[in-house]
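Scroll down for the structure; my scribbles are underneath it.
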Amino acid sequence: MTAQGGSPAFESVVQSGRELLLNGRQSDRRTDVTNIDLRDALVRGRQAVDATNRFWLTVNGQWEEETATARLCEEAAPYLQPITFNRAQEGRLGADWLWWFIDRKRSTSFGMLCQAKNLKRDGSRWRIGFGQANKSGLQMDMFARAASSLEVPAAYILYCGDAEYRNGLPCRTHSSEECAPCARAGVSVLSALGAQYLYRLHAGDANACAMAAFQRSQPLEDLVAPATPDGALWDVNFGECVGSLRRFLGEPQYGAARIAKQLFDQLSALRGVQFSRTPLTFELSTLRESNLVYPTLPVDRGHLPRPYFEEILQGLRNGVPRYILDAEDGRFDRLPAKLTSVVNRIVVTYV
């Protein structure tokens, strides 16, 4: 097991931490709501990323996404376990890593394909490189297709700098000079489907797109290991949801399902503001993947590029994909071509 940009000592930490986690011998402080040790690790990771980005901003006027990702993984080890199995291909395919959250208590898992992006400042204006393209097309469209081939949602990991860097750019729930969500937003997560919608909504205005993307994103530590319980999530399609899917929206969720629900909430909120302009599509579809927790879903999309229920919940599975177990055991020759052609690294987190 290796981590790009990591030292042999770091690789040893990751390996020993993985063994402790798998064997159940590591201290695992939990409440009914959160894994405290995991949240603490993500806080350390975010603080390290903020410090690293501040240093390189001072020295070079910018920071690199690869450096920030390496710091995040190193400081959050062993709770973020990077497994690198072939040469980096991000420039061609638009993906940095495939992240799986394993919930052993409930025998479920949630996966998402990730790409890192920096929030860049130019005076009082902001931009995120959503519009990057090559001869194969727009990178964000290739990213979405890559995630679809793996049957997981796509998500952007946004490196946003610390609160001082973002002075003048409030978070969506900004409340004061010492806003706690702003302080946590240095490493944030945004659904790529939401980013596609915002990119097209604000076509030609990179500043408005970047501001909206930041304000619709969520701090990584709050997404993966929230400190407070979630409440009922009202969605415009709630009436079409029955049985366990309705309970997923209406009742508190934990572990992998909680992560999926929070990422879904980003898209549900975007669909909600379109409600008065776009009628609902009263139709359900059943996805082909046999081990999905919720295989039958509403197909409504509003103005979003794709149906948003499927976008997120295709990544929520019963059990763990076989290729994750093979990758953890170093059996890279068994990894499916659809995986190795899209991404060169898996990150595993036990929630």
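Computed values, structure above
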item	result
Output for the range 165-211, where each listed residue is of a type in the set (S, T, N, Q), surrounded by 13 or more Cβ atoms within 10 Å (Cβ to Cβ) and in contact with a helix residue (DSSP H, G or I) (Cβ under 9 Å, 6 or more places away or on another chain)	Ser188, Ser191, Gln196
Count of residues meeting criterion [touching a residue at least 60 places away in the same chain (Cβ under 8 Å), under 16 Å from Asp103 (Cα atoms) and of a type outside the set (A, V, I, L, M, F, W, C)] in the range 317-334	5
Filter pass, Arg18 being modelled with pLDDT under 65, crowded, with 19+ Cβ neighbours inside 10 Å and either in a helix (DSSP H, G or I) or of a type in the set (Ser, Thr, Tyr) (or both)	yes
Tally, over the range 121-163, of residues that are touching a residue at least 60 places away in the same chain (Cβ under 8 Å), more than 13 Å from Ala210 (Cβ to Cβ), part of a loop (DSSP other than H, G, I, E, B) and not β-branched (Val, Ile, Thr)	3
Some residue of the range 273-292 being at pLDDT below 95 and either in a helix (DSSP H, G or I) or under 30 Å from Val43 (Cα atoms) (or both)	yes
Tabulated pairs, the range 77-103, first hydrophobic (A, V, I, L, M, F, W, C), second outside any loop (DSSP other than H, G, I, E, B) and modelled with pLDDT under 55, C-beta under 8 angstrom, 6+ apart or interchain	Ala77/Phe10; Ala77/Val13; Ala77/Val14; Ala77/Gly17
Flag if Ala116 is under 16 Å from the mean Cα position of the chain (by Cα), surrounded by fewer than 22 Cβ atoms within 10 Å (Cβ to Cβ) and farther than 17 Å from Cys209 by Cβ	yes
Residue within the range 93-109 that is modelled with pLDDT of 95 or more and more than 30 Å from Pro307 (Cβ to Cβ) present	no
Qualifying residue in the range 83-93 (condition: of a type in the set (S, T, N, Q), assigned to a loop (DSSP other than H, G, I, E, B) and within 28 Å of Asn35 (Cα to Cα))	no
Ala260 vs. criteria over 18 Å from Phe101 (Cβ atoms) and out of contact with any Asp or Glu (no Cβ under 9 Å at 6 or more places or on another chain)	no
Conditions (1) at pLDDT below 95; (2) buried (at least 24 other Cβ atoms within 10 Å of the Cβ); (3) under 23 Å from Tyr165 (Cα atoms): number failed by Asn60	(2)
Test: residue in the range 247-258 that is more than 25 Å from Arg104 (Cα to Cα) and in contact with a Leu (Cβ under 9 Å, 6 or more places away or on another chain)	no
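The values are calculated or read from the model by the stated rules, or taken from the named source; none is laboratory data. Given the structure is predicted, the values throughout are model-derived calculations rather than measurements. Note that we place each Cβ from the backbone using ideal geometry, even for glycine, and neighbour counts take in every protein chain shown.
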